[in-house]
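Worksheet for the structure shown next.
The values are calculated or read from the model by the stated rules, or taken from the named source; none is laboratory data. Given the structure is predicted, the values throughout are model-derived calculations rather than measurements. With ideal geometry, Cβ positions are generated from the backbone for all residues, glycine too; neighbour counts draw on all protein chains shown. Heavy atoms of the whole protein, side chains included, go into the accessibility calculation; ligands, DNA and RNA do not. Shrake-Rupley method; radii C 1.70, N 1.55, O 1.52, S 1.80 Å.
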Amino acid sequence: MSSNPSEIPIQYIKGVGPAKAKLLINLGIHTVEDLLNFFPRRYEDRSVFTPISKLQAGQIYCVTGHVLAVGKRNFYSKNKTFEIAIGNNSGKLFCAWFNQPYLDKFFKVGQEIVCYGKVDVYKGRVQLVMPDFELITDEDRMLNMGRIVPVYPLTKGISQKYLRRIIDLCLKEHVFQVKDIIPSDIRQRQGLSALFESIHQIHFPQNYHEQGKASNRIAFEEFFLFQVSVILRRLSVVLKEGKSFEINERLKSNYLSALPFALTNAQSLALDAICQDLKQPKPMLRLLQGDVGCGKTAVAFFAAITCVQNGSQAAIMAPTEILAQQHFATFKRLFAKGHFSNIKSTLLISSLPAKEKASISTKLAQGEIDLIIGTHGLIENDVIFKDLALVIIDEQHKFGVEQRSALSSKGKNPHVLVMTATPIPRTLCLTLYGDLDVTTIDQMPSGRGKINTYHFPMDKSSGVYEKVRQWVKAGTQAYIVYPMIEESETLDLKTAKSSYEHFKANEFSGLRIALIHGQLKRNEVDRVMEQFKAHEIDILVSTTILEVGIDVPNANVMVIEHADRFGLSQLHQMRGRIGRGSKDAVCILLGDPTTQEGKARLETIVKTIDGFEIAEKDLEIRGPGHYFGKFQHGVNELKITDPIGQIKILESARKEAINLTSNDAQLKKPVNITLKKSIKRRFPEYLDLILAG
């Protein structure tokens, strides 16, 4: 058998076998190398434990002791409680678990136990609520006690102690065979320690200082791999020959005169940057980001018109039919008359009859359509363009890398402009969008109403509903947003369905009220939204499906129920649905936050409407994990990186990646073969596209 850890199936490791190997696959572990790269999610310092007598309520601790008693509390109530008492020479502590009656099979009086969780006080008794726990035997002691202990993500049938044991075995027998994929000159320049040493310190750190050094070493490698992949992807596009467009002052003047508003300075700067790209004989790859309502679409329309006026076709892809319809209607309204009335535009969405779709496809292929606006249907195989030279993707984080490339592949190296109304923190832009030039519109148009945001506890909801009724009676429209659709046994939350029925019969009786949520068919959601836009509906009860929606200028009231359950960016996106016209708007957050994180989110959203400030705060509160995988595929492979604390490492890794790829744009040099194989394995959706070019 090969000695290369990447080629050794995990089932051949002592203590694994075929049955356990199937379980480990659920954790993404197929080979010994996968296991060595399966890093802890946190650590517990079991070298020194806090005495039970010194535990403080509200804090998280790692506690050890022996099981003193096993019992049940409130076992016939809705929330059945199983509990044990543990103790040592410093005191006694209770541990409580809800709705887990099977736990009584695990515990016996006298067992040694380690628990990790938050301390609470219940009827004067100190307890840990729903703690993680491990039972310790003498044979477990070496790996699981008296040291900093790793804690890993688990799957059914795999325990922490089992993972530590087989990882320890692989570290002893195989870690020295792991190939260091970073070229030696880069390792020397960056002062990187040996990879095998860093992997060992990640799993079983000697101390937190060594763990930090190892984390930085692994982070550099992860940043470097990802940056090489996205830079190669960029080079595979921009090094090709593209179509350069002629853009003169007359074209810009005609466009600006067709708009019923003046561009902001930020929009003008974005327009200039895009113009410079479109003039080049190589494809544009640019991200246009800006807050909800900042005017990205107006800038994108100019790019589309420029493409058409230069004799080519343009396509705009949106994530929902209703958004595509809104873009199409806006384009027709602005440019149906005047200098650009000759542009032949059409809408392609799934709800169109098959015969009409076929007709559109035929016209596209024959060049009888200049601009097409649509949804995912644009990337279907039967949609063929005669000369697609510009691709615009709205709300791009709703699409994957492959979908972006699928639309681009329908043209010969077309220019690509992607847009997002979800501001990305500056510290993450290099990571998330390393293959794109980034332009930011950080200024809102004048004449927009002000959005005032307030937070009230849930027991004030009746007064809020009465105020909403008054506002609606005066002519405005309102959204009421919920985090859930159906009732839940474990969460005491109002839900969209039950509240909708209640509102119709009580607080909002006599008003026109409707409900939308993610379980409805898309065309049904679109139908209701169109009715709401036409003011055939007064109040719209909804789940977070509103996060990406259409403009309803008369909707100037929003109530977000259980607002502390939402993320900051999500709250900001939903709030962006109001204040789209000239009138002031009101957003009311109803919620009773029980954590510092929840309180911080609501305080931030009340204090500011600046999406970029909110994104930075969101990153600070929740960490980078929730961004990875949401905006681009591949990024969720970054297992150990922290772009906030490791921004200098990211910048160094990107600098080295640029230097390496500038000398070998397809990684063909022998010294880079191992690097290419690793990227192929880690980020296939990037490298497949690169090598295809």
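Here are the numbers for this structure:
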quantity: Chain lengthening between residue 368 and residue 257 when straightened (0.36 nm per residue, less Cα-Cα); calculated: 37.3 nm
quantity: Percentage relative contact order, the chain, counting C-alpha pairs under 8 Å, at least six apart; calculated: 13 percent
quantity: For the chain, fraction of C-alpha pairs farther apart than 48 Å, in %; calculated: 27 percent
quantity: Per residue, in Å², the accessible surface of the chain once ligands and nucleic acids are set aside, probe 1.4 Å; calculated: 45 Å²
quantity: Distance histogram in 5 Å bins (all Cα pairs of the range 269-393, percent per bin); calculated: 2, 10, 21, 24, 22, 14, 5, 2, 0
quantity: Modelled FRET efficiency - R0 56 Å, residue 520 with residue 272, Cβ distances, 0.05 increments; calculated: 0.85
quantity: By average C-beta atoms within 10 angstrom, highest first, the peptides 557-567, 267-277, 468-478; calculated: 557-567, 267-277, 468-478
quantity: The chain - mean residue ellipticity at 222 nm from DSSP helices (-39,500 (n - 2.57) per run, n ≥ 4, rounded to 500); calculated: -11500 deg cm²/dmol
quantity: Span from the the range 443-457 Cα centroid across to the the range 186-210 one, whole angstrom; calculated: 49 Å
quantity: Fully extended contour minus Cα-Cα distance, from residue 43 to residue 673, at 0.36 nm per residue; calculated: 223.3 nm
quantity: Nonlocal amide H pairs with residue 586, under 5 Å, H built at 1.01 Å; calculated: 452, 557, 558
quantity: Within the chain: Cβ-based charge dipole about Cα centre, in debye rounded to nearest 20 (Lys, Arg +1; Asp, Glu -1); calculated: 260 debye
quantity: Farthest positive-ward along the chain dipole, Cα basis, beta-carbon charges - from 127, 539, 110; calculated: 110
quantity: 380, 321, 249, reordered so the largest accessible area comes first (probe 1.4 Å); calculated: 249, 380, 321
quantity: Relative contact order for the range 35-148, counting Cα pairs under 8 Å that sit 6 or more residues apart, in percent; calculated: 28 percent
quantity: Cα→Cβ-extended label distance, 7 Å offset, between residue 159 and residue 350, nm; calculated: 4.6 nm
quantity: The chain: angle of helix 208-238 to the longest principal axis, Cα-based, in degrees nearest 10; calculated: 20 degrees
quantity: Chain lengthening between residue 103 and residue 208 when straightened (0.36 nm per residue, less Cα-Cα); calculated: 34.5 nm
quantity: Amide H partners (placed H, <5 Å) of residue 455, local residues excluded; calculated: 589
quantity: Label-to-label distance, nm, for residues given as residue 450 and residue 621 (7 Å Cα→Cβ offset); calculated: 2.3 nm
quantity: Rotationally averaged projected area of the range 202-344 (alpha carbon convex hull; nm²); calculated: 12.8 nm²
quantity: Global form of the range 17-107, assessed from the alpha-carbon gyration tensor, a/c cut-off 1.5; calculated: oblate
quantity: Using distinct alpha-carbon pairs, which all enter the 1/r mean, Kirkwood radius of the range 501-544 in Å; calculated: 10.9 Å
quantity: Of all accessible heavy-atom area on the chain, the percent that carbon and sulfur account for (1.4 Å); calculated: 50 percent
quantity: Relative contact order, percent, the range 93-185 [alpha-carbon distance under 8 Å, six or more residues apart]; calculated: 22 percent
quantity: Distance from the range 496-541 to the range 352-386 (C-alpha centre basis), Å; calculated: 33 Å
quantity: Rounded to 10°, Cα long-axis angle of helix 611-622 versus longest principal axis of the chain; calculated: 10 degrees
quantity: Charge tally in the Cβ shell below 10 Å around residue 538, where Lys, Arg are +1 and Asp, Glu are -1, residue 538 excluded; calculated: +2
quantity: Cα-based Rg / Dmax (Å) for the range 1-51; calculated: 14.6, 50
quantity: Helix 354-366 vs. the chain, principal-axis angle (Cα, 0 to 90°, nearest 10); calculated: 70 degrees
quantity: Karplus-derived 3J(HN,Hα), 6.51/-1.76/1.60, for each residue of the range 151-163, Hz, glycine and proline x; calculated: 10, 10, x, 10, 9, 4, x, 10, 9, 4, 4, 5, 4
quantity: Model label zone, residue 342; criterion: amide N under 14 Å from point 7 Å along Cα-to-beta-carbon; scope the range 250-284; calculated: 251
